[in-house]
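Asks: Here it is, the structure, as structure tokens.
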Amino acid sequence: MWRNEARGGAGHCRSWVRSHSIPESKECPESEDEYAIVLERQRGLLEELGPDDDLLWVITTEWDGRPEPGPRMAQLQRVDPHARHSESRLSVDDDPDDLVYQHVHVSSRSRSGSALNALLRLVADDGSIAVTLAPPDLRRVFRPYPGGVDVFAPSAAERDSLKVAHPDWLSAHPSGP
């Protein structure tokens, strides 16, 4: 169920924008001031994605060589303790001899207050998990990663309004969205 939605779904592929979480496209925060910038930018984008949804799906993915999920990474279990296993699937890889499985867990969380801060900080520190946040109807998808966030919007107009609102957060790379 989460496969297409977590990637933004087919209808969202052209309506995404990448925002950097730290000035000058720095990847990892190195101080509490930089963590504060990451949280301020990412929480601000989540609020702008509105309209009034307080509840978000939290979809996390971990990878390993086993077809069944083992214990979750301790830090992830700490920041997302109510997640339930949703599915496990073989990851598509270029090397057929290297079997890697994706284990997807799902929970829900309020987007207001500080409920997401520990999860967003973990993502900023660790690229070994994938996190997707989305309202229950999956009309928008928020994918944080170390150094930034990809937002999949339901329309090009909404994507463009995010670009206009935060031009200094966008990638300077010529091919960057």
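Asks: Given the conditions (1) in contact with a Phe, Trp or Tyr (Cβ under 8 Å, 6 or more places away or on another chain); (2) at pLDDT below 90; (3) not aliphatic (A, V, I, L, M), report the number of the one that Pro67 does not fulfil.
Replies: So Pro67 meets the others, but not (2).
Asks: Inside the range 27-47, can you point out the residues that are surrounded by fewer than 15 Cβ atoms within 10 Å (Cβ to Cβ) and not hydrophobic (A, V, I, L, M, F, W, C)?
Replies: The answer is Glu27, Glu30, Ser31, Glu32, Asp33, Glu40, Gly44, Glu47.
Asks: Out of all the residues in the range 122-137, which are surrounded by fewer than 19 Cβ atoms within 10 Å (Cβ to Cβ), at pLDDT below 90 and not in a helix (DSSP H, G or I)?
Replies: Hits for the range 122-137 are Asp126, Gly127, Ser128, Pro136, Asp137.
Asks: Quick check on my filter: what residues within the range 82-113 are touching a helix residue (DSSP H, G or I) at 6+ places or on another chain (Cβ under 7 Å) and either polar (S, T, N, Q) or at pLDDT below 95 (or both)?
Replies: Residues satisfying the conditions are Ser86, Arg111.
Asks: Might you let me know whether the range 69-85 holds any residue that is within 18 Å of Gly147 (Cα to Cα) and of a type in the set (D, E, K, R)?
Replies: no
Asks: Another one. Filter the range 84-103 down to the residues that are among the acidic types (Asp, Glu) and in contact (Cβ under 8 Å) with a residue 40 or more places away in the chain and list them by number.
Replies: Glu87
Asks: Do you know which residues across the range 56-78 are crowded, with 19+ Cβ neighbours inside 10 Å and not in a strand (DSSP E or B)?
Replies: Leu76
Asks: Could you check how many residues of the range 142-158 are under 18 Å from His20 (Cβ atoms) and not in a loop (DSSP other than H, G, I, E, B)?
Replies: Of the residues in the range 142-158, 9 are under 18 Å from His20 (Cβ atoms) and not in a loop (DSSP other than H, G, I, E, B).
The values are calculated or read from the model by the stated rules, or taken from the named source; none is laboratory data. These figures come from a predicted structure and were not determined experimentally. Backbone-built Cβ (ideal geometry, glycine too); neighbour counts: all protein chains shown.
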